[in-house]
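Taking it in order: structure first as structure tokens, then the write-up.
Rule-based calculations on the coordinates, nothing more; no lab input. These numbers come from a predicted model, not from an experiment. Don't worry about glycine lacking a Cβ; one is built from the backbone with ideal geometry, like all the others, and counts go over all protein chains shown.
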Amino acid sequence: MENLVIIGSGPAAHTAAIYAARANLNPLMFEWFMAGGVAAGGQLTTTSIVENFPGFPQGVDGTQLMMSMRKQSIMMGTRIETKTIDKVDFSSQPLKLFSGNEVIETKSVIIATGATAKRLGITGEKEYRQKGISACAVCDGGLPIFRNKPVVVIGWGDVAMEEAQHMSHFASKVIVLVRTDKLRASEVMQTRAKANEKIEFMRYTEALEALGNGDMLTGIKVINNQTKQETIVECSGLFYAIGHTPNTQFLWWQINLDDNGYIITYGRLCDDVVAGRTTLTPEQEQKFKDGKQRYQTCTSVSNVFAAGDVADKKYRQAITSAGTGCAAALEAQQSLQEQK
């Protein structure tokens, strides 16, 4: 039986693995195989140069960064299997994980499977991914290819307004495509975006095709869904801000998830209670009194922890994911020690 199994392969998973391995927990990592349509390494493998990860003043290729993390995990003693966990059984100890016909029993689990950015699947999207198309302006927006050039943001909620505001610091112009005449963003976010002279809105507009010269994105073909008129918007960047899908499909009915499928951790639950966004159920109150949910990264199941974007729908940054991966490993270590 395993001491600790880590599910995932991004910054959260590898940081957890490094800390767990150094604590002699002999962790086993399942890095999955094309989970959520993304290769092992997570969302960073879908970006190009990462400029906001500490320690790389010149920036670092996202895939190379994840390969370095993986190498460090192995050097510390982590065992890695390129397999996908299809389902779990958290109803009793030992915890059970299933990969095809294989059953893995473990005392504790860290779930760090991340979240996959939603995309539209328009023509040319795959060709110009990492060549002007991104799903994270905060991650990629400062790259030279976007500076002082027009860019497009697709979305209508708070995230889209935040992405547009961020890109206004770099781009010459930010064009926000909205498929209706109304935004879903909060009033304060709408007001800020509308007051920004660099941000323009194209309403009743949907993207049809990503255009380019083979090397880089040069424009987006769009259609007005009212008049049916097609036009081309010249731009050097296209940023999707239409949400993420947490990779938690294999966890349904086994662990508490929110309405969007993100794992609810104790730390987040406490924040929501303080902010008045939720109240505790009698069962949750009892768990807190018993001390079973005092760990920040623990979930609704004892000895099951969550880290990274699979539990974080606010920041979604490599560095914040790494931080929660560290916390999850330390808390899993303490939990295992208390079981002895």
Estimated dipole of the range 1-112 in Debye, rounded to 20 [Cβ of Lys and Arg +1, of Asp and Glu -1, Cα centre]: 200 debye
Dimensions of the range 136-285 along principal axes (Cα, Å, largest first)? 57, 36, 35
Of 320, 244, 116, which is farthest towards the positive pole of the chain's charge dipole, taken about the Cα centre with +1 and -1 on the beta-carbons of Lys, Arg and Asp, Glu respectively? 320
Estimated translational D of the range 1-148 in µm²/s (Stokes, Kirkwood radius over Cα pairs; 25 °C; 0.890 mPa s): 148 µm²/s
For residue 314, give me every one of the lysines with a C-alpha distance below 24 angstrom, ignoring sequence neighbours fewer than eight places off in its own chain. 118, 182, 194
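By per-residue mean of other Cβ atoms within 10 Å, what is the highest-first order of 106-112, 22-28, 233-239? Spell out each step's value before the answer.
Working: 106-112: 26.3, 22-28: 18.3, 233-239: 23.0.
In decreasing order of mean packing, 106-112, 22-28, 233-239 become 106-112, 233-239, 22-28.
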Go through 170, 6, 263 and say which Cα lies farthest out towards the positive end of the charge dipole of the chain; charges sit on Cβ, +1 for Lys and Arg, -1 for Asp and Glu. 170
Using a simple spin-label model with points 7 Å from Cα along the Cα→Cβ vector, what separation in nm is obtained for residue 232 and residue 147? 2.7 nm
If the limit is 23 Å between Cα atoms, which of 149/221; 131/173; 83/107; 221/313 go over it? 221/313
Derived scalar couplings ³J(HN,Hα) [the range 174-188; Karplus, 6.51 cos²θ - 1.76 cosθ + 1.60; whole Hz; x for Gly, Pro]: 10, 9, 9, 8, 10, 6, 10, 9, 10, 9, 9, 5, 5, 4, 5
For the chain, evaluate the Debye formula with one uniform point scatterer on each Cα (no solvent term) and list log10 I(q)/I(0) at q = 0.08, 0.12, 0.13 Å⁻¹, rounded to two decimals. -0.42, -0.88, -1.00
The chain: angle of helix 318-339 to the longest principal axis, Cα-based, in degrees nearest 10: 10 degrees
Where labels lie 7 Å past Cα in the beta-carbon direction, separation of residue 1 and residue 279 in nm: 3.9 nm
Restricting to aspartates and glutamates and to Cα separations under 18 Å from residue 198, and discarding same-chain partners fewer than 8 apart, the set is 158, 162, 163, 234
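Could you work out the local net charge near residue 136, counting Lys and Arg as +1, Asp and Glu as -1, over the other residues with Cβ closer than 10 Å to its Cβ?
On the way: positive: 316; negative: 140, 163.
Spelling it out: positives minus negatives among the neighbours equals -1.
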Cα axis of helix 62-76 to longest principal axis of the chain: angle in degrees, 0 to 90, nearest 10? 10 degrees
Along Cα→Cβ, 7 Å out, is where each label goes; now give me the distance between the ones at residue 56 and residue 138 in nm to one decimal. 1.8 nm
Among 80-89, 174-183, 223-232, the order from most to least packed when residues are scored by Cβ within 10 Å on average: 174-183, 80-89, 223-232
Express in nm, to one decimal, how much length is gained between residue 337 and residue 259 on full extension, taking 0.36 nm for each residue of separation and deducting their alpha carbon distance. 24.7 nm
Enter the per residue convex hull volume of the range 65-133, computed from alpha-carbon coordinates, in Å³ rounded to the nearest integer. 152 Å³
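Which whole-number percent gives the relative contact order of the range 63-113, counting Cα pairs below 8 Å spaced six or more residues apart? Mind showing how you got there, number by number?
Values: 39 pairs, mean separation 10.4, N = 51.
This gives 20 percent for the range 63-113.
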Fully extended contour minus Cα-Cα distance, from residue 224 to residue 195, at 0.36 nm per residue: 8.0 nm
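Nearest 20 debye, what's the magnitude of the dipole of the chain about its Cα centre given +1 on Lys and Arg Cβ and -1 on Asp and Glu Cβ? Present the calculation step by step, with values, prior to reporting the outcome.
Working: 35 positive and 35 negative charges, 45 e Å.
In total the dipole reaches around 220 debye.
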In degrees, nearest 10, the alpha-carbon axis of helix 11-22 is tilted away from the dominant principal axis of the alpha carbons of the chain by 30 degrees
